[in-house]
Structures are given as structure tokens and as C-alpha cells.
Amino acid sequence: MSDEIKDFEKAAAAAKSLPERPDDATMLKLDALSKPGSVGDVQGDKPGFVDCGGAAKYEAWDDLKGPGQVDARTQYIALVRTLGGSVCRSGWP
């Protein structure tokens with residue numbers, strides 16, 4: 001497993017224990033960045049209007065088409081660090 005994937009996984013764990021809960025827009029961005037970082041571009045059908053939260057997450061993920069997994073992981077890690085998450089780089093003492 002590459003250091004980049006390890007760092008992404010550390011950031012995902014750190015995002016669950018941030019000092020403060022981010023606002024809804026930032027939470028949506030975290031969720032949107034985590035998906036292309038782990039599975040790639042948007043997949044499946046968009047949830048229906050009954051599932052407002054699911055539809056919003058799908059749309060945010062769909063808006064990020066194309067940056068690639070590496071770029072999405074890098075952005076995700078940077079955002080978690082900005083929010084106060086502790087993400088030490090793999091391979092660093």
C-alpha cells in the first residue's frame with residue numbers, strides 16, 4: 001500500500017474525531033472528496049427527491065468528476081488538516 005493511500009486512510013480516521021464539527025457545506029465537501037479518493041468518479045443512480053441528503057452527496061461527488069483519485073486524496077488530506085485533524089505523513093519520523 002502506497003504512502004499516499006495510508007495518509008488518505010489516516011485522514012479519514014482523523015476526520016471522524018475533529019476538534020469541532022464542520023459546517024454542513026464543509027461536511028459535504030469532505031464526503032464528496034472521500035468518494036473519488038476511494039472509489040473514483042461518481043457511480044450508480046442519483047438518489048430520489050425523498051433522500052435529500054443522499055441526493056446532495058451524490059451531486060457534490062458528481063461535481064468533482066475528473067480530478068483523479070490522487071488529486072482527490074491530496075485535497076481531502078489538506079482539508080482534514082485545515083480543520084484540525086492530525087494526519088502525520090507516512091514514512092516521516
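The values are calculated or read from the model by the stated rules, or taken from the named source; none is laboratory data. It should be emphasised that the depicted structure is a prediction, and the values quoted were computed from it without experimental measurement. Note: ideal-geometry Cβ built from the backbone for every residue, glycine included; neighbour counts use all protein chains shown. We work out accessible area using only protein heavy atoms, side chains counted, and drop any ligands, DNA or RNA first. Shrake-Rupley method; radii C 1.70, N 1.55, O 1.52, S 1.80 Å.
On the basis of being surrounded by 14 or more Cβ atoms within 10 Å (Cβ to Cβ) and either modelled with pLDDT under 85 or not in a loop (DSSP other than H, G, I, E, B) (or both), does W92 make the cut? Before the answer, list the steps.
Details: surrounded by 14 or more Cβ atoms within 10 Å (Cβ to Cβ): no; either modelled with pLDDT under 85 or not in a loop (DSSP other than H, G, I, E, B) (or both): yes.
Answer is no for this residue.
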Open item on the list: I need every pair where a residue in segment 19-33 that is assigned to a helix (DSSP H, G or I) has its Cβ under 6 Å from the Cβ of a residue that is open to solvent by 90 Å² or more (accessible area, probe 1.4 Å), sequence separation at least 6 or different chains.
Closed with: D31/K57
